[in-house]
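Chemist: Before I ask anything, here is the structure I am working with.
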Amino acid sequence: MKKGIITVLCIISSMMMHSNVYAQKYKYRKVSKELLQMQSCDIESEAAAMITNKTGLWEINYKESDGYRAELTQQIQVKIFNAEAEYISNVEIFYYSPSSSKSQVKISSIKGRTYNLDHNKIIETKLLDENITYEQYDDYFKKATFLMPNVQSGSVIEYEYMLISDFYENIDDWYIQEDIPVIYNKFTTKIPAYFTYQMSVFGPFTPTSDKSSTLAKSIEYKIRDEGTGYLGTQVASRTYDINYAQRTIVHENIPAFKSEPYAANANDFKGRITHQLISVAYPNAPIQTFAETYEEINSELLQSETFGKKISDGKFIDKLISFGNRDTHLEKATKIHQYFLENVSFNGLNSYTTTKTGDKLFADGKGDVGEINLNYIAALNHVGIPSVPVILSTRGNGTLHPVLPDYSQFNYVVALSQVDGNDVLSDATTSMPFGNLPVKCLQDKGWVISKNNPRWINLKQNNIGKQIVQTDITQSENNFLYSTKINKLGYFAFEDIININSHGDEDYLYSIDVENDLVLDSLYIADMTDELLKLKQIQKKEIINQDLIYVKPFVHLPFQNNPFKEKVRQTNVDFPFAMEYKYVANIKILDGYEYETPANLNAVMQDNDLILKYSSSYLPTIKTLNIVADFKILQTEFLPADYEKLKISMELMINKLHEPVILRKK
C-alpha cells in the first residue's frame with residue numbers, strides 16, 4: 001500500500017468493455033431529476049449502486065514555507081438504487097500520518113451533499129462539519145469518518161476532499177474500477193519538470209481519452225541578502241517559471257469488479273494507474289534517485305536504528321529465561337518462542353520496525369508485529385541461534401514488486417533462523433507452533449534482510465493441511481448410524497486449535513456444520529496437541545424407503561460445490577497452503593441387500609497439481625463395503641490461463657466425492 005490515502009471505494013479491473021453509453025453525462029454538482037428517477041444501471045441492471053463520476057487531480061506544488069508537497073483533490077458522485085448499497089453512505093478515508101514522524105498527510109476541505117427527489121423537487125442536504133470525525137487510527141494512519149445525511153433508495157450522494165502530503169515520492173495507485181459500476185472516471189496529474197516518474201497503466205481497459213500537455217506555472221520564493229553596513233539583512237521576493245507535465249486519462253462505463261474465491265491479492269489484478277518516482281533534478285543540484293533496489297533497501301534497513309540495530313540487542317532475554325547446558329538450538333528457540341507468546345500480547349497492528357527495547361516490550365506486556373518480532377529475533381541471536389528478519393506483505397495487502405521495491409509495500413516482519421542446520425520461519429505474535437507462520441503471512445515470497453545473503457524466500461515452504469476422516473456406517477431397521485473419526489493435522493489443525501484455546505470447546509464444536517440430511521447425536525474433542533486435533537462424531541439418517549437406499553459414504557467433505565463458477569478468471573487462484581484429504585467409509589451391508597458403488601477413478605491434473613484417487617472393494621468375511629478417496633491440492637497457485645483446467649478438474653472431483661452408494665433389496 002502506498003503512503004497516502006485508502007478510501008472505502010476501491011477501484012478495480014474486469015475482462016469486459018461496454019459501449020460508450022453515458023459519455024460525461026453525469027457531472028459533479030449537476031444532479032438532474034432524470035438521475036434521481038433512474039431505477040437501475042444500464043450497463044449492469046443488477047447493480048445496487050453506480051459511481052456516476054469520480055475525478056482526481058494529483059499535483060506537486062511549491063510553497064516557500066513547506067517546499068514541494070503533493071496534493072490530491074478527489075470528487076465522487078454515487079447513485080444509490082436500493083437499500084443494499086446504503087452502506088456506501090458511511091465513508092471512511094484513511095491517510096498515512098505516522099505518529100512518530102514530522103512528515104504527515106493532512107486532510108482538508110471535506111464537503112458532501114445528498115440529493116433526493118420529493119414531489120418532483122430536488123432536495124439537497126449538506127454534510128455538516130460537526131458530523132465529520134478524525135482519529136489517529138493506529139501508529140501509521142489517521143482516519144476521517146462521516147455518514148452522508150438523509151440517504152435512502154434513489155439518493156445521489158457527492159463528497160469531496162483534499163489530501164496534502166509531505167510524501168511526494170509516492171503517488172497512490174489510482175484504480176480504474178470499483179466493486180460497483182463506474183460510469184465516468186478521470187485522473188489528472190500535474191508534475192514539475194524536475195520530477196521524473198515511471199507511469200504504468202494496468203488492466204484491459206482502453207481509455208476514452210488520454211491527453212498530455214505542458215503548462216507553465218510560477219512559484220514565488222525569497223532571497224535573503226545579509227548585506228553590510230546600515231542596510232542590514234535584505235529579503236527580496238522572486239518568481240520562477242517552471243514547466244509542468246500534465247496528463248489526463250479518462251475511462252468510461254467500467255463494469256463492477258466481481259469478487260472471486262481464493263484471490264489473496266485481488267488488488268494486484270485491478271485496472272489501475274501507478275507512478276514510481278525515479279529521480280528529482282533541481283537546477284544546479286545533483287540528481288536524486290529514488291527507484292531503489294532490494295539490495296539498497298537491505299543495506300538501509302541493516303543500518304536503521306529501528307530495524308537492523310534492534311536485532312543485535314537481545315541481552316534482555318538473559319533475565320527472563322534460563323537454559324540448560326545441553327539444550328539444543330531447537331529447544332532454545334522453542335522456549336524463547338513460547339515465552340514471548342505467554343508474556344507479550346499482540347495488539348493486532350502490523351508493522352516491521354520498532355523503537356522499543358526488549359525490556360520495554362516485556363514491561364508493557366504488549367506490542368505490534370515489529371516490536372515483538374524484531375526483539376524476538378534479537379533474543380534468538382543472543383543465545384546463539386543465527387536469525388535474520390524477513391519483511392513481507394501479508395495476504396490481501398498486495399504482492400511485492402519483483403524489481404522495484406517500495407517501503408510502503410511491506411507491512412510485516414517474521415524471523416528466519418538456522419536451527420540445527422535447517423532454515424526455520426517463525427512468528428512470535430501468534431500461537432502457531434514454532435516453525436509455522438500464520439496463514440496471513442503465506443504469500444509466495446518475502447525478502448530476507450541479511451548482511452551476507454539478502455534474497456527472496458518462499459514463505460509457503462511446503463506448508464500443508466491434512467484431514468483424515470473415517471466413517472463406519474451401520475444399518476438398523478429404520479436408520480443409518482454414522483460413527484466418524486476426524487483427524488486434523490498441520491494447517492487444518494492450527495487455526496481450529498487457536499479457536500478452541502481462544503473461545504473454548506463449546507463454541508468451536510457449535511461452529512462445525514452438520515450434514516444437511518443427517519441428525520447430530522454427539523460430537524466431542526477426543527484429543528488435542530499443538531499440531532493435531534481429533535474429533536469424534538455420531539450422526540443418524542432416517543431410512544425412508546427400505547427397498548432402495550442412497551447412502552452418502554463421505555461426510556465433512558471440503559467442498560459442497562465447486563467454488564469456481566465464473567467462465568473466466570481475472571485473478572490468480574491462490575490457496576494459502578497445500579491440502580490433503582483422505583476419506584475412508586466402511587459400510588456394513590445387511591443380508592438381503594445388494595450394492596452398487598461409483599466407478600473407481602484415478603484423476604490427475606497436470607504435473608500432479610490436483611489428484612483424486614477413488615476406489616471401492618467388498619470384504620465378504622465381514623460383509624463390509626470399503627470405499628477410499630484421496631483428494632489432494634498440491635499446487636497452491638494457478639494462473640488465469642490454467643483456470644479452465646482447474647475448474648473442470650474440481651467439478652469432476654467434487655462430484656465424484658458426493659456420489660452415493662446404492663443399496664437395493666434383492
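The values are calculated or read from the model by the stated rules, or taken from the named source; none is laboratory data. This is a predicted model, so every value here is computed, not measured. Here Cβ is always computed from backbone atoms with ideal geometry, including for glycine, and neighbour counts include all displayed protein chains. Calculation scope for accessible area: heavy atoms of the full protein, side chains included, ligands and nucleic acids excluded. Shrake-Rupley method; radii C 1.70, N 1.55, O 1.52, S 1.80 Å.
Chemist: Each label point is 7 Å from the Cα along the Cα-to-Cβ direction; what then is the distance between the points at ASN545 and LYS665, in nm?
Modeler: Result for the modelled spin labels: 1.2 nm.
Chemist: Working out 0.36 nm times the residue gap between ASN347 and ASN600, then minus their Cα-Cα distance, what length gain in nm do you get to one decimal?
Modeler: Result for the pair: 86.0 nm of gain on full extension.
Chemist: Please report, as a whole percent, how much of the solvent-accessible surface of region 336-401 comes from carbon and sulfur atoms (probe radius 1.4 Å).
Modeler: It is 47 percent, rounded to a whole number.
Chemist: While we're on this one: Subtracting the Cα-Cα distance from 0.36 nm times the residue separation, let me have the gained length for GLU495 to SER40 in nm, one decimal.
Modeler: That works out to 159.5 nm of additional length.
Chemist: Let me ask you something else. Given the -39500 (n - 2.57) contribution per DSSP H run of 4+ residues, what per-residue ellipticity at 222 nm results for the chain, rounded to the nearest 500 deg cm²/dmol?
Modeler: -4000 deg cm²/dmol, from helical runs alone.
Chemist: Let me ask another. Can you give the angle from 0 to 90° between the axis of helix 329-343 and the longest principal axis of the chain, with both taken from C-alpha atoms, to the nearest 10?
Modeler: Long axis of 329-343 versus the principal axis of the chain: about 70 degrees.
Chemist: So which trypsin sites (Lys or Arg not before Pro) in region 545-615 are both in a DSSP loop and have at most 15 other Cβ atoms within 10 Å of their Cβ?
Modeler: Answer in residue order: LYS565, LYS567.
Chemist: How long, wide and thick is region 627-666, going by the Cα atoms along their three principal axes, in whole angstroms, largest first?
Modeler: Extents along the principal axes, in whole Å: 51, 17, 8.
Chemist: Need one number: the % of Cα-Cα pairs in region 247-327 sitting beyond the 21 Å mark.
Modeler: Working: 2250 of 3240 pairs.
More than 21 Å apart: 69 percent of the Cα pairs in region 247-327.
Chemist: Mind checking the angle between helix 294-303 and the chain's longest principal axis? C-alpha axes, 0 to 90 degrees, to the nearest 10.
Modeler: 80
Chemist: Round to the nearest 0.05 the FRET efficiency obtained for SER502 and ASP210 when R0 = 51 Å and r is the Cβ-Cβ distance.
Modeler: Efficiency computed from Cβ-Cβ geometry: 0.50.
Chemist: When the accessible area of region 522-666 is computed with all protein chains present and a 1.4 Å probe, what percentage of it is carbon and sulfur? Mind showing how you got there, number by number?
Modeler: On the way: 3620 of 7170 Å².
Carbon and sulfur together cover 50 percent of it.
Chemist: Measuring from centroid to centroid over Cα atoms, what is the spacing of region 334-352 and region 77-110 in Å?
Modeler: What the calculation gives is 32 Å, centre to centre.
Chemist: Between LYS656 and ARG238, what is the FRET efficiency for a Förster distance of 56 Å, r being their Cβ-Cβ separation, to the nearest 0.05?
Modeler: The value I calculate is 0.10.
Chemist: Using a probe radius of 1.4 Å on heavy atoms only, what accessible surface per residue do you get for region 502-621? Whole Å² is fine.
Modeler: 56
Chemist: Leaving ligands, DNA and RNA out of it, report the carbon-plus-sulfur percent of the accessible area of region 144-197 at a 1.4 Å probe.
Modeler: 47
Chemist: Moving to a separate point now. Please identify the longest segment of the chain free of exposed GluC sites (Glu not before Pro), where exposed means a DSSP state other than H, G, I, E or B and no more than 12 other Cβ atoms within 10 Å. Before the final figure, lay out each step's value.
Modeler: Values: sites that count: GLU46, GLU64, GLU226, GLU305, GLU477, GLU566.
In short, 306-476.
Chemist: How large is the accessible surface per residue of region 311-456, computed with a 1.4 Å probe and reported in Å² as a whole number?
Modeler: That works out to 40 Å² per residue.
Chemist: Measuring from label point to label point, each 7 Å out along Cα→Cβ, what is the SER511 to ASP359 span in nm?
Modeler: It is 4.0 nm.
Chemist: I would also like to ask the following. Could you please put TYR508, TYR134, TYR262 in sequence from largest to smallest accessible area, using a 1.4 Å probe?
Modeler: TYR134, TYR262, TYR508
Chemist: I would also like to ask the following. log10 I(q)/I(0), Debye, Cα-only region 534-659, no solvent, q = 0.10, 0.20 Å⁻¹?
Modeler: -0.41, -1.18
Chemist: Please work out the FRET efficiency for the pair ASN478 and LYS536, using the Cβ-Cβ distance as r and a Förster radius of 30 Å; give the result to the nearest 0.05.
Modeler: Efficiency at R0 = 30 Å is approximately 0.80.
Chemist: Once the convex hull of the alpha carbons of region 365-456 is built, what does its volume come to per residue, in cubic angstrom?
Modeler: Dividing the Cα hull volume of region 365-456 by its residues yields 112 Å³.
Chemist: Also, I was wondering about something else. Would you rank THR621, THR394, THR474, THR355 by solvent-accessible area, highest first, keeping every protein chain in place and using a 1.4 Å probe?
Modeler: THR621, THR355, THR474, THR394
Chemist: Which of the pairs LYS366/LYS582; LYS332/LYS582; LYS142/LYS335; LYS310/LYS488; LYS142/LYS356; LYS190/LYS567 have their Cα atoms more than 29 Å apart in this structure? List each step's numbers first, then the result.
Modeler: Numbers: LYS366/LYS582 41 Å; LYS332/LYS582 35 Å; LYS142/LYS335 38 Å; LYS310/LYS488 38 Å; LYS142/LYS356 22 Å; LYS190/LYS567 40 Å.
Correct reply: LYS366/LYS582; LYS332/LYS582; LYS142/LYS335; LYS310/LYS488; LYS190/LYS567.
Chemist: Helix 491-503 against the longest principal axis of the chain: what's the angle in degrees, Cα atoms only, rounded to the nearest 10?
Modeler: Here the helix axis deviates by roughly 80 degrees.
Chemist: Structure shown: which of LYS460/LYS632; LYS33/LYS54; LYS25/LYS186; LYS541/LYS623; LYS79/LYS126 lie over 23 Å apart, alpha-carbon to alpha-carbon? Each step should come with its number before you reach the end.
Modeler: Working: LYS460/LYS632 17 Å; LYS33/LYS54 20 Å; LYS25/LYS186 13 Å; LYS541/LYS623 21 Å; LYS79/LYS126 16 Å.
Violating the 23 Å limit, Cα to Cα: no pairs.
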